[in-house]
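I have placed the structure first, in the form of structure tokens, so that the comments after it can refer back to it.
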Amino acid sequence: METETGEEELELRVAELVQAVLDRAAHSALIRPLEPERHQPEYPLTQPDWGSCRDFTVERGRARIEDYMRTWEIHPSWRYSISFLQERELDFQKQFLYRALWGRPTSRAPIPRSTAAVYFIITAPKTRDPALPVEVRFTVESNRTLHEPGRTRFREKWLQDVIESKALLIDSVDF
């Protein structure tokens, strides 16, 4: 009985933590526009056609995120799953929140010891022409920086850093 209560409390705390991360990222996206690009990158940055505000759906968002993540230059051993978290109706925009959970399963450990999350915020402004494209930003778990597809080159090291920091934390706790 105590185990069930403990698990429920843990699930509640995890849900609160995820919600806090999403709230901070969404709030930052609202109040802090991205700075314009100062120079052209030496490598090509690709991004999918995210679609217009009028035509956007939850499934289309999931498919475009998957298309975009396929352009990342990361080792093929990484695996991911994409989850739609929620839709927010704000005064001047609609936000769609997704989580891509990344891990590196191996033959010895098919379930990764820890994972890294990349949170995507897709915004469809209500005050703009509905034919214009949606706005997309993403942040990596435990980081505050908001990235924009087509302006930021994703780095595999970001995922590795999150997983390594979790491994250090797990190793430092005695059960």
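The values are calculated or read from the model by the stated rules, or taken from the named source; none is laboratory data. Being a predicted model, the structure only gives us computed values, none of them experimental. With ideal geometry, Cβ positions are generated from the backbone for all residues, glycine too; neighbour counts draw on all protein chains shown.
Out of the residues in the stretch 22-73 meeting the condition of being of a type in the set (A, V, I, L, M) and at pLDDT 90 or above, tell me which one is nearest to GLU156 (Cα to Cα).
MET69
With the structure loaded, tell me whether SER142 is surrounded by fewer than 15 Cβ atoms within 10 Å (Cβ to Cβ), in a strand (DSSP E or B) and not hydrophobic (A, V, I, L, M, F, W, C) or whether it fails that test. Answer is no for this residue. Scanning the stretch 145-162 for residues that are assigned to a helix (DSSP H, G or I) and surrounded by 15 or more Cβ atoms within 10 Å (Cβ to Cβ) yields TRP158, LEU159, GLN160, ASP161, VAL162. Summed over the stretch 88-115, the residues that are of a type outside the set (Phe, Trp, Tyr) and within 30 Å of ASP129 (Cβ to Cβ) give a count of 10. SER165 falls short on exactly one of the conditions (1) more than 23 Å from ASP23 (Cα to Cα); (2) in a helix (DSSP H, G or I), and that condition is (1).
Filtered by the rule that a residue be in a helix (DSSP H, G or I), aliphatic (A, V, I, L, M) and under 13 Å from the mean Cα position of the chain (by Cα), the stretch 54-111 gives ILE65, MET69.
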